[in-house]
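Have a look at the structure below, then the notes.
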Amino acid sequence: MDDEHESASGPTTPDDLRMPPRNPLQTPAIWLLGLAVGSLGMFVASPPGLIARIPASVESGGLGIFDSVVDICVLTQLVCGNLAIIVGAVCMLRLRSRAMCWIAAIVSVLPMCSAFFVVGIPFGIWAIVVLCRDDTRARFR
């Protein structure tokens, strides 16, 4: 027998040399990751917007304090939502923590949790559909 084409389990065939199956969550995960990083980057890169307005509204008195509380709540919600999407998208890519993947997919569908929710909704729904499949469930460690 030819030693070059034989392994411990027998002769190798082209089927044995195939790549592992592709991660079905890869495409929605990459899109969700990009959208969440872009959304966070938008908030970090634009301090004259929402963040810089908070101290000015507190100094103005009256309803300014209420406005600043609302601004802080909205900003916190957006930052936490995008961080959850980032962590969940990384879990989707690594096929780990199915619960975190579900959280990321659901949060990406909520309009109030991302600046780019219009684009995030279809990819969040896509991730939810793929997460519901039995073959995807079996891939998680």
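The values are calculated or read from the model by the stated rules, or taken from the named source; none is laboratory data. Treat the numbers as computed from the prediction; the structure is a model and nothing was measured. Positions of Cβ are backbone-derived with ideal geometry, glycine not excepted, and every protein chain shown enters the neighbour counts.
Please work out which one of (1) at pLDDT below 85; (2) surrounded by 14 or more Cβ atoms within 10 Å (Cβ to Cβ); (3) small (Gly, Ala, Ser) is the condition SER97 fails and give its number.
Failed condition: (1).
Can you list residue pairs whose Cβ atoms sit under 8 Å apart, with the first residue in segment 115-138 being more than 19 Å from VAL37 (Cα to Cα) and touching a residue at least 40 places away in the same chain (Cβ under 8 Å) and the second being aromatic (Phe, Trp, Tyr) and surrounded by fewer than 19 Cβ atoms within 10 Å (Cβ to Cβ)? Count only pairs 6 or more apart in sequence or on different chains.
From residues that are more than 19 Å from VAL37 (Cα to Cα) and touching a residue at least 40 places away in the same chain (Cβ under 8 Å), the pairs are LEU131/TRP102.
Scan ALA99, ALA105 and give me the residue that is assigned to a helix (DSSP H, G or I) and touching a residue at least 60 places away in the same chain (Cβ under 8 Å). So that I can check it myself, show each step before the final result.
Details: ALA99 fails: touching a residue at least 60 places away in the same chain (Cβ under 8 Å).
Criteria check complete, one pass: ALA105.
Any residue in segment 24-40 that is farther than 19 Å from PRO111 by Cβ sitting within a Cβ distance under 7 Å of a residue that is in a helix (DSSP H, G or I) and of a type in the set (S, T, N, Q)? List the pairs, counting only those 6 or more apart or interchain.
That search, which allows pairs on different chains as well, returns PRO24/THR136; LEU25/THR136.
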